[in-house]
Amino acid sequence: MSAKRLERELVFDLILFIAAIILISLFYRDNLILTVMLILTCLVGFKFWYKKHDAYFFIAAAIIGPVGEIVVIYFGAWSYANPTILGIPVWLPLAWGLIIILIKRFAEIFVKIEEK
């Protein structure tokens with residue numbers, strides 16, 4: 001894979017990460033709007049870099065991450081400003097899924113760069 005292509009992939013992944021952070025920061029008070037916007041962000045990401053195993057990572061993170069958060073919220077470690085289900089916002093599984101895919105992608109890109 002060319003250095004230019006790796007660079008483009010890295011920039012695209014960073015843009016998705018920044019977009020998710022901005023969306024969460026601006027729309028955390030409106031769970032429905034934020035959920036729809038994160039679904040669209042995830043769909044854009046999957047359109048450009050979908051691999052079958054990415055779906056497994058996404059689903060695992062979307063389940064495991066929020067379950068862990070539900071537990072620590074129950075014990076009082078923190079709370080969300082606008083929770084909807086069991087102390088977490090409905091969009092949180094999407095955020096967990098997206099971030100795990102982005103972390104995985106960053107790692108893969110850096111490994112490919114290191115191999116060159």
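The values are calculated or read from the model by the stated rules, or taken from the named source; none is laboratory data. Values in this document were obtained by computation on a predicted structure and should not be read as measured data. Because the Cβ atoms are built from the backbone with ideal geometry, glycine has one as well, and the counts that use them run over all protein chains shown.
Does segment 56-79 contain at least one residue that is touching a Lys or Arg at 6+ places or on another chain (Cβ under 9 Å) and modelled with pLDDT of 90 or more? So far as segment 56-79 goes, yes, one or more of its residues are touching a Lys or Arg at 6+ places or on another chain (Cβ under 9 Å) and modelled with pLDDT of 90 or more. Quick check on A3: is it in contact (Cβ under 8 Å) with a residue 60 or more places away in the chain, surrounded by fewer than 17 Cβ atoms within 10 Å (Cβ to Cβ), small (G, A, S) and touching a Lys or Arg at 6+ places or on another chain (Cβ under 8 Å)? Judged against the criteria, A3 is a match. Out of the residues in segment 99-112 that are in contact (Cβ under 8 Å) with a residue 12 or more places away in the chain and over 17 Å from C42 (Cα atoms), state the one that is surrounded by the most Cβ atoms within 10 Å (Cβ to Cβ). If we take residues in segment 99-112 being in contact (Cβ under 8 Å) with a residue 12 or more places away in the chain and over 17 Å from C42 (Cα atoms), then I109 is surrounded by the most Cβ atoms within 10 Å (Cβ to Cβ).
Residue by residue, here is whether (1) closer than 20 Å to V90 by Cβ; (2) in contact with a helix residue (DSSP H, G or I) (Cβ under 7 Å, 6 or more places away or on another chain) holds:
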site: I15; (1), (2): no, no
site: I21; (1), (2): yes, no
site: I24; (1), (2): yes, yes
site: N31; (1), (2): yes, no
site: H53; (1), (2): no, no
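Taking the criterion of being more than 17 Å from I99 (Cβ to Cβ) and not in a helix (DSSP H, G or I), the residues of segment 21-39 that qualify are R29, D30. Apart from one condition, I18 fits all of (1) outside any loop (DSSP other than H, G, I, E, B); (2) at pLDDT 95 or above; (3) aliphatic (A, V, I, L, M); (4) more than 19 Å from L6 (Cα to Cα); the exception is (4). Among residues of segment 8-19 that are free of Cβ contacts under 8 Å to residues at least 60 places away in the same chain and surrounded by 12 or more Cβ atoms within 10 Å (Cβ to Cβ), those with a beta-carbon under 8 Å from a residue that is among the hydrophobic types (A, V, I, L, M, F, W, C) and in a helix (DSSP H, G or I) at least six positions away or on a different chain give the pairs F12/F48; F12/W49.
Among the residues making up segment 57-98, those that are crowded, with 17+ Cβ neighbours inside 10 Å, out of contact with any Cys (no Cβ under 9 Å at 6 or more places or on another chain) and either in a helix (DSSP H, G or I) or of a type in the set (S, T, Y) (or both) are A61, A62, G65, P66, E69, I73, L92, P93, A95, W96. Applying a threshold of 8 Å to beta carbon distances and a minimum spacing of six or more residues, or different chains, the list of pairs starting in segment 33-56 at a residue that is charged (D, E, K, R) and ending at one that is assigned to a helix (DSSP H, G or I) reads D54/F46; D54/I101; D54/K104. Among residues that are modelled with pLDDT of 95 or more, within 12 Å of the chain's Cα centre (by Cα), part of a helix (DSSP H, G or I) and not basic (K, R), G45 is not included.
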